[in-house]
Amino acid sequence: MKKDVDEHAERFDELAATYDESSGDQYMECLRLVVEHADPRGDDTVLDLGCGTGAVALSLADGAGRVVGRDVSEGMLSKARQKASDRGLSNVEFGEGSFREPNYDGEATIVTSNFALHHLDDDAKRDAIDVMAGYDPRRIVLGDVMLFGLPDPEAPFYDPEVDDPATVGVLVEAFTDAGYAVTAVERVHPQVGVIVAERR
């Protein structure tokens, strides 16, 4: 990890006020695909890790029984809570938690994450995926910066000073090692995609 959890939290606290307005096309397409693939039922509890301002969690609230969002940035969480309140949603809760320590001990039948895991190094990503799998969800949906090939040094999608994206192969292997079958890989951009993993 190129920055520690506290440094990432401070960075995103500063970005929270304008984060939604600064989201690009690739982020929005990943969001759409994560929501589409998560596809919760009324009896599902969704755990959304790295939830940010609640884009995934709030989009899934109508279809799910319960949605739990976790993030390290209180600024992002505050905005997520305000959006939930503005929409009158009572089945969504947001709280502090990281990928390795989500601070959630309930059930999660679906786990999601969008544009967050790439802040971790590859070993920490594997640990995070093991934590996701530890909830024994039937489905995990990950949208993120991920490398389908070599990144173009003339047009980097991510900031190498703070981001550390994995190759798709590393992520697929991590899901497989955690006991999940990868059932879909959606390429949004040469450096952005969505992976769907189902419990075997």
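Readers should treat all values here as calculations from the given coordinates under stated rules, not as data from a laboratory. Fair warning: this is a prediction, and the values are worked out from it, not measured in the lab. Note that each Cβ is placed from the backbone with ideal geometry, even for glycine, and that neighbours are counted across all protein chains shown.
Here are the numbers for the structure shown:
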{"quantity": "Three-way shape call for segment 15-153 based on the alpha-carbon gyration tensor, with the a/c threshold at 1.5", "calculated": "rounded"}
{"quantity": "Gaussian network model of the chain, Cα within-10 Å springs - most flexible of Pro190, Pro160, Pro102", "calculated": "Pro160"}
{"quantity": "In order through segment 89-101: 3J(HN,Hα) via Karplus (6.51 cos²θ - 1.76 cosθ + 1.60), integer Hz, x for Gly, Pro", "calculated": "8, 10, 9, 10, 9, 10, x, 6, x, 10, 4, 7, 9"}
{"quantity": "FRET efficiency estimate (nearest 0.05) - Cβ-Cβ, Ala181 to Asp121, R0 25 angstrom", "calculated": "0.50"}
{"quantity": "Table column - 3J(HN,Hα) (Hz), segment 67-79, Karplus curve with 6.51, -1.76, 1.60, x for Gly and Pro", "calculated": "10, 10, x, 10, 8, 8, 9, 5, x, 5, 5, 4, 5"}
{"quantity": "Relative contact order, percent, the chain [alpha-carbon distance under 8 Å, six or more residues apart]", "calculated": "22 percent"}
{"quantity": "Directionally averaged projected area (convex hull, Cα atoms, segment 84-146), nm²", "calculated": "5.1 nm²"}
{"quantity": "Residue-by-residue Karplus 3J(HN,Hα) for segment 112-118, coefficients 6.51, -1.76, 1.60, Hz, glycine and proline x", "calculated": "10, 7, 9, 6, 9, 5, 5"}
{"quantity": "Extension gain (nm, one decimal) between Glu96 and Glu161, 0.36 nm per residue minus Cα-Cα", "calculated": "20.9 nm"}
{"quantity": "Residues with amide H under 5 Å from that of Leu147, placed H, sequence gap 5 or more", "calculated": "Ala166, Thr167, Val168"}
{"quantity": "The chain, dipole about Cα centre (Lys/Arg Cβ +1, Asp/Glu Cβ -1), debye to the nearest 20", "calculated": "740 debye"}
